[in-house]
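This report concerns only the one structure given below.
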Amino acid sequence: MASAGFYAIESHTIRFGPEGEWYSDVERIANRRIADLFSRCVRRNPQGGYMLQMGDERAALEVEDTPFVVRQIEGDPERGFIITLNDGTREPLDPSSLRCGADNAFYCRVKDGECEARLLRPAHYALAQWAEAGADGRFSVRVGGREFPLDAR
């Protein structure tokens, strides 16, 4: 059935990869509408981790890195930044939540601080243009006149 673009969430292993791609078992979900639907249906599982919830249907969700990714960043250091997530929502970037991961990817807190999101390459580079190296060689971003480190945390 997957080749027709339909995925019964309860009968497959659904996985969200670090680059914002969805998978059913080992097959990447190429249908953008299904991937977008899945992105809008991510919920915290009361037993821990995450799940997909579509109406009454629920399925465990394997999250390889973060349950959301940042696809786009708009704005500037004076006004602040607005991020667009893979579920289509837009929200202000909380610069105090920025961190740099072991693989030099940027991360931030989203959804009122409830979840973490990885910045995809376009968003990473959009933010990196505002990063400044300090005398100690560590990078930070200045937003609203305040300096926020991009350290690994």
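What FRET efficiency would be calculated for the residue pair ALA30, THR89, taking the C-beta separation as r and a Förster radius of 22 Å, to the nearest 0.05?
Values: r = 23 Å, r/R0 = 1.05.
Calculated transfer efficiency: 0.45.
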Explain nothing, just compute: Karplus ³J(HN,Hα) = 6.51 cos²θ - 1.76 cosθ + 1.60, θ = phi - 60°, for every residue of region 31-37 in order, whole Hz, x for Gly and Pro. 6, 4, 5, 5, 4, 5, 4
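When ligands, DNA and RNA are left out and all protein chains stay put, how many square angstrom of accessible area per residue does the chain have with a 1.4 Å probe? Intermediate results must be reported in sequence, preceding the final value.
Numbers: 8630 Å² over 153 residues.
Solvent-accessible surface per residue comes out at 56 Å².
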Determine ³J(HN,Hα), in whole Hz, for all residues of region 87-98 in sequence, where each value follows from phi through the Karplus function 6.51 cos²θ - 1.76 cosθ + 1.60 and θ = phi - 60°; x replaces Gly and Pro. 8, x, 7, 10, 8, x, 6, 8, x, 6, 8, 5
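Under a Cβ-only charge scheme (Lys and Arg +1, Asp and Glu -1), can you give me the dipole magnitude of the chain about the Cα centre, in debye to the nearest 20?
On the way: 20 positive and 25 negative charges, 39 e Å.
My answer is approximately 180 debye.
Using a 1.4 Å probe over the heavy atoms of the protein chains, calculate the carbon and sulfur portion of the accessible area of the chain as a whole percent.
Of the solvent-accessible surface of the chain, carbon and sulfur hold 48 percent.
The values are calculated or read from the model by the stated rules, or taken from the named source; none is laboratory data. A quick note: this is a predicted structure, and the numbers were derived from the prediction, not measured. Cβ coordinates were reconstructed from backbone atoms using ideal geometry, including for glycine residues, and neighbour counts include every protein chain displayed. Surface accessibility is based on the protein's heavy atoms, side chains included, excluding ligands, DNA and RNA. Shrake-Rupley method; radii C 1.70, N 1.55, O 1.52, S 1.80 Å.
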